[in-house]
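Contents: one structure, followed by commentary.
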Amino acid sequence: MSRWLRRLLLGSIMRELTLDESKAIQIEMLRSLDACCRANGIEYSLAYGTLIGAVRHKGFIPWDDDIDVTMTRDNFEKFLRVYTHERYALLKPMRRKRWEFFARIVDPRTKTRFKAFPVSPFPLWLTIFPVDNRPDNEQQWLEMKAEVDHFANQARMKCGVFTRDWKRNIVKVLAKVAYLPVSLRKANARALNALTRYDTVPTAQKIVWVSYNRYETYPSSLFDAYVDLDFEQIRCRAMAGYDTYLRTAYGDYMQLPPAEQQVPSHEFTTYIKD
C-alpha cells in the first residue's frame with residue numbers, strides 16, 4: 001500500500017511512530033493509571049508480559065509492545081468511575097459496540113493499523129483486565145462459563161471486525177445479519193451478570209477473562225496483598241505473589257525465550273497526529 005493511500009485510510013496525515021515512541025506514550029498512560037489508583041485507594045497489579053518485564057528487566061521486555069494490568073472486580077468498577085485525564089480517554093468495557101470485558105486507556109491522538117485489520121484503526125492502548133471469582137463447585141463453574149460464552153458470543157458476532165480474509169468476512173456478514181434481532185446491550189448485560197455472579201461469595205480461585213472462550217485461573221490469595229515494583233522509572237503496584245502468578249502462567253519466566261520468539265506479540269503500526 002502506498003504511503004499516501006495509507007494516510008488517506010487513516011483519515012488524516014499522521015506521523016508513524018517507532019516502537020520506542022509508542023512505548024513512551026504507554027508509559028505515560030501507566031503513570032496516569034498509577035496516580036489515579038494511589039489517589040483513590042485502588043489496588044492494581046501489572047500483569048502478563050508487563051509484570052515479567054518489571055521483574056526481569058525493570059521495565060518493558062525489550063521486544064514487547066503493550067502494557068497490561070489487572071484489578072479485582074471491586075477495584076475495577078471503582079476505577080471506571082473515577083479515572084479522568086486531560087490527554088487520555090478511558091474505553092469502558094461493553095460500551096459503544098464493544099463486547100470485551102476489559103477496559104482500555106487510549107491516546108485519542110493516535111491510531112494503530114493492524115496487519116490483520118487494515119480498515120479498523122484503533123488508538124494506542126493500555127489494557128485493564130478485571131478479575132472475578134470462580135465458583136469452587138466444578139458444575140457451577142461449567143454452567144457459569146457456558147452462560148458467559150453464550151451471551152458473549154452473541155455480542156461478539158454483532159461487533160465482528162473485518163480482516164484481510166475475505167472468506168471469514170463473508171461469515172461475519174452473515175453472522176451480523178443473523179444476529180440483527182439480538183440486542184447488544186442485553187447480550188452484554190447478561191454476559192456480565194453471569195461472569196460476576198460469584199463475586200460476592202468467597203472462593204478459592206479467581207478467573208481472568210482474556211478473550212472469547214479463554215479464561216485464566218489463579219488462587220484467590222494472590223490478590224490479597226500488593227507490593228511496589230519498578231517499571232521504567234515508575235513505582236508500580238504488583239500482587240505480592242507475583243512469582244506464583246507468573247510461574248502459573250509461564251513456567252520459568254526468568255529464562256529468556258529463543259531468539260526467534262523475541263518479537264512483538266501484536267502486528268501493528270502506530271501513527272500520531274502531531
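The figures follow:
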| quantity | calculated |
| --- | --- |
| Flag if A194 is over 28 Å from K23 (Cα atoms), within 20 Å of the chain's Cα centre (by Cα) and either touching a residue at least 12 places away in the same chain (Cβ under 8 Å) or surrounded by fewer than 13 Cβ atoms within 10 Å (Cβ to Cβ) (or both) | yes |
| Contacts under 8 angstrom Cβ, first residue in segment 81-94 being closer than 24 Å to N188 by Cα, partner assigned to a loop (DSSP other than H, G, I, E, B) and not charged (D, E, K, R), 6 or more apart | V82/I42; L90/Y83; L90/T84; P93/F101; P93/F102; M94/F101 |
| Conditions (1) of a type in the set (A, V, I, L, M); (2) more than 21 Å from R190 (Cβ to Cβ); (3) crowded, with 22+ Cβ neighbours inside 10 Å; (4) out of contact with any strand residue (DSSP E or B) (no Cβ under 6 Å at 6 or more places or on another chain): number failed by I52 | (3) |
| The listed residue being at pLDDT 95 or above, farther than 30 Å from E143 by Cα and not polar (S, T, N, Q), out of F268, F231 | F231 |
| Number of the exception - L91 against (1) surrounded by 16 or more Cβ atoms within 10 Å (Cβ to Cβ); (2) of a type outside the set (V, I, T); (3) modelled with pLDDT of 95 or more | (3) |
| Selection from segment 197-216 of residues that are over 19 Å from I128 (Cβ atoms) and touching a helix residue (DSSP H, G or I) at 6+ places or on another chain (Cβ under 9 Å) | R197, Y198, P202, T203, A204, Q205, N213 |
| Filter pass, P62 being in a loop (DSSP other than H, G, I, E, B) and surrounded by fewer than 18 Cβ atoms within 10 Å (Cβ to Cβ) | yes |
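The values are calculated or read from the model by the stated rules, or taken from the named source; none is laboratory data. All figures in this text were calculated on a predicted structure; none of them were measured in a lab. In this analysis, Cβ positions are derived from the backbone assuming ideal geometry, glycine residues included, and neighbour counts consider all displayed protein chains.
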